[in-house]
Amino acid sequence: MSSGLGLTEGGAILIVLLVGFLPTEIWRSLAILAGRRIPEGSAVFHWVRAVATALLAAVVARLVLAPSGVLVDVPLVLRLAAVGGGLATFLLTRQSILLGVLAGELIIVASLFFTRH
Amino acid sequence: MPERSTLGWVLVGVRHAVTVPALVLFASYVGYGALLQGVGFPPWASVLSTFLIWALPAQVILVGGLVSQVPLPALALAIGLSSIRFLPMTMSLAPYMRSQRGRLLVDLLCAHYVAMTMWLEGMRLLPPLPAHARIPYMLGLGNFYIASAMSGTIVGYLLASELPPVLAGALLFMTPLSFTIMMVRNAANPTDWLALAAGVLIMPLALGLGGGLDLMIAGVGGGTLAYVGGRLMKRRQEAGR
């Protein structure tokens with residue numbers, strides 16, 4: 001299994017820089033350059049915030065609806081049940097993120113266990 | 001709030017970062033580290049990838065692309081498309097992490113820390129702070145988050161080339177689960193709730209489009225709908241008064 005990619009340390013760092021870092025960091029830097037004059041509380045600010053929130057929700061929804069790796073084997077209903085169970089636990093426990101995450105993880109682990117056996 | 005030195009605010013930021021979200025980051029990145037070890041990615045470049053890219057979805061795309069030998073320019077493009085969310089995220093967090101004297105380099109450095117966890121926690125924790133405290137505080141917060149993720153990468157890398165499938169699945173599920181909970185905790189006004197609902201509901205419809213276009217439609221379309229909806233609700237409320 002080892003060095004299946006056949007990359008040296010230097011080559012891999014170069015790839016991380018050019019193919020990984022540059023295409024992600026460019027958006028963060030552009031945001032600073034473009035957004036320097038957007039004051040907090042302005043209409044543009046509220047719109048950008050709404051877009052960011054919707055984008056994040058969409059990213060998360062995509063991770064649940066079209067998962068990768070071993071999660072593909074877990075039926076959608078169970079993936080939704082795990083998120084729903086975690087969220088319900090969070091709301092019922094005076095907003096404990098820890099208990100919410102634990103409850104959701106419990107459901108997904110049980111689902112993984114039973115779909116694999 | 002008591003008066004503190006710059007270093008004092010950094011330490012407050014670190015202290016506030018020692019929470020479940022940091023633990024979730026650590027766990028998620030254990031899965032990433034194990035993945036890298038499994039495909040034979042060199043160790044230093046692995047840890048550096050977490051520090052420099054600081055976006056788990058992009059990092060997973062990078063590794064997956066290298067394994068399936070996607071041409072590097074195409075891979076860079078895919079990673080760029082998957083990271084567009086950083087534009088509105090950084091723009092909306094920027095007013096709370098702007099250097100007092102408008103030093104561009106400081107602002108660019110701060111922007112590097114923006115990622116899902118940092119955005120969600122920053123939008124909640126930064127606004128109540130006095131302006132001079134925000135940058136040292138967010139650097140304490142952000143550096144602790146990145147350090148947690150880097151530790152996770154190292155631990156995963158050292159642990160095993162292949163995690164047991166159930167554990168791998170559990171770690172993989174951490175991201176959508178914890179972010180859903182944190183987003184619900186953060187939702188403070190009708191626009192936030194509408195944006196959450198729009199993003200979640202439009203996503204399945206746009207899913208077939210792929211190539212990052214689905215996220216653009218759900219994000220820009222859903223966000224705009226939420227913004228307009230939020231304004232209309234506010235206006236109606238004011239008119240009814």
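The values are calculated or read from the model by the stated rules, or taken from the named source; none is laboratory data. All values derive from a computational prediction rather than experimental measurement. In this analysis, Cβ positions are derived from the backbone assuming ideal geometry, glycine residues included, and neighbour counts consider all displayed protein chains. Areas reflect the complete protein model, heavy atoms only, side chains present, ligands, DNA and RNA absent. Shrake-Rupley method; radii C 1.70, N 1.55, O 1.52, S 1.80 Å.
Tabulated data for the structure shown
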item: Gaussian network model of chain A, Cα within-10 Å springs - most flexible of A:T53, A:T24, A:T89; result: A:T24
item: Local electrostatic count, B:A111, Cβ distance below 15 Å [Lys/Arg +1, Asp/Glu -1]; result: +4
item: Per-residue average of Cβ from other chains inside 10 Å of B:9-17; result: 0
item: Pair B:R15, B:L159: separation of 7 Å Cα→Cβ label points (nm); result: 3.1
item: Net charge over other residues, Cβ less than 12 angstrom from the Cβ of B:A187 (K, R count +1; D, E count -1); result: +2
item: DSSP H segments from chain B that extend 24 Å or more along their own axis, Cα-based, with Kyte-Doolittle mean of 0.0 or above; result: B:20-39, B:131-159, B:165-186
item: In sequence order, calculated HN-Hα J values of the stretch A:8-13 (Karplus, 6.51, -1.76, 1.60; Hz; x Gly/Pro); result: 7, 4, x, x, 5, 5
item: Spherically averaged projected area in nm², based on the convex hull that wraps the Cα atoms of the protein assembly as shown; result: 19.0
item: Separation of the B:L77 and A:L106 label points, Cα + 7 Å toward Cβ, nm; result: 4.8
item: Solvent exposure of the protein assembly as shown as accessible area per residue, Å², 1.4 Å probe; result: 45
item: Residue mean of other protein chain beta carbons inside 10 Å, A:105-117; result: 4
item: Efficiency of FRET from Cβ geometry, B:V67 and B:R124, R₀ 35 Å, rounded to 0.05; result: 0.40
item: Extension gain from A:Q95 to A:H117, taking 0.36 nm per residue of separation minus the Cα-Cα distance; result: 4.5 nm
item: Average partner coverage of B:178-188, which counts Cβ from other chains inside 10 Å; result: 6
item: The stretch A:42-116: translational diffusion in µm²/s, Stokes-Einstein, Kirkwood Rh over Cα pairs, 10 °C, 1.306 mPa s; result: 116
item: Neighbourhood net charge (12 Å Cβ-Cβ; Lys/Arg +1, Asp/Glu -1) for B:P88; result: +3
